[in-house]
Amino acid sequence: QVRLVESGGGLVQPGGSLRLSCRMDRVIFGIYNMAWYRQGLGYQRELVAEFTSGGTTNYADSVKERFTISTDNAKNILNLQMNSLKPEDTAVYYCHANKASAQYWGQGTQVTVSS
């Protein structure tokens, strides 16, 4: 069973920062396309940022210039640095990996932006 384990969520004030991490099994890290998704209450799950197997990064327009996706290859970790957080960033954030028809999800980590 392939595992993706997220950490780093929590409560932060508007304008603050958080760093999410997702530890993946070695069999998929860097081989699969990797990404962060989020789902706010009452909303559909949406792509936040992706890191392709070719090393390309892409971001949703709503998080460009605020969020940065990166990898720690020595530890098989996918990171998401989130700066200048807004209340509308409040959601459960999920780590995701996919290759062709195979896809895996983490359990999710709650991020709440509130004063």
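Quick note: the coordinates plus some simple rules give every number you see, no bench work behind them. Just so you know, these numbers come straight off a predicted model, no measurement behind them. Using ideal geometry, Cβ is built from the backbone for each residue, glycine included, and neighbour counts are taken over all protein chains shown.
Miscellaneous remarks
- Within a Gaussian network of the chain (alpha carbon springs, distance under 10 Å), most fluctuating of Ser70, Ser53, Ser62: Ser62
- Centre-to-centre, using Cα atoms only, the stretch 64-84 and the stretch 20-56 are separated by 10 Å.
- Sequence-ordered 3J(HN,Hα) estimates for the stretch 50-63 from the Karplus curve with 6.51, -1.76 and 1.60 and θ = phi - 60° stand at 9, 10, 6, 5, x, x, 7, 10, 9, 9, 5, 4, 5, 10 Hz, glycine and proline given as x.
- Label point distance in nm, Gln44-Ser17, each placed 7 Å from Cα along Cα→Cβ: 3.3
- Excluding same-chain neighbours fewer than eight residues apart, the lysines reachable from Lys75 by a Cα-Cα span under 23 Å are Lys99.
- A simple spin-label model places pseudo-atoms 7 Å from Cα toward Cβ; at Ser53 and Gln1 they are separated by 2.5 nm.
- With the charge dipole of the chain set up from +1 on Lys and Arg Cβ and -1 on Asp and Glu Cβ about the Cα centre, the Cα lying farthest toward the positive end among the listed residues Thr57, Gly108, Leu85 is that of Gly108.
- Two numbers describe the Cα atoms of the stretch 6-101: Rg and Dmax, which are 13.0, 39 Å.
- Total charge dipole magnitude, the chain, about the Cα centre, Cβ charges on Lys, Arg, Asp, Glu only, Debye to nearest 20: 260
- Between Val27 and Asn73, the simple label model (points 7 Å from Cα in the Cβ direction) yields a spacing of 2.3 nm.
- Most mobile listed residue (Tyr94, Tyr104, Tyr43) in the chain, GNM with C-alpha springs under 10 Å: Tyr43
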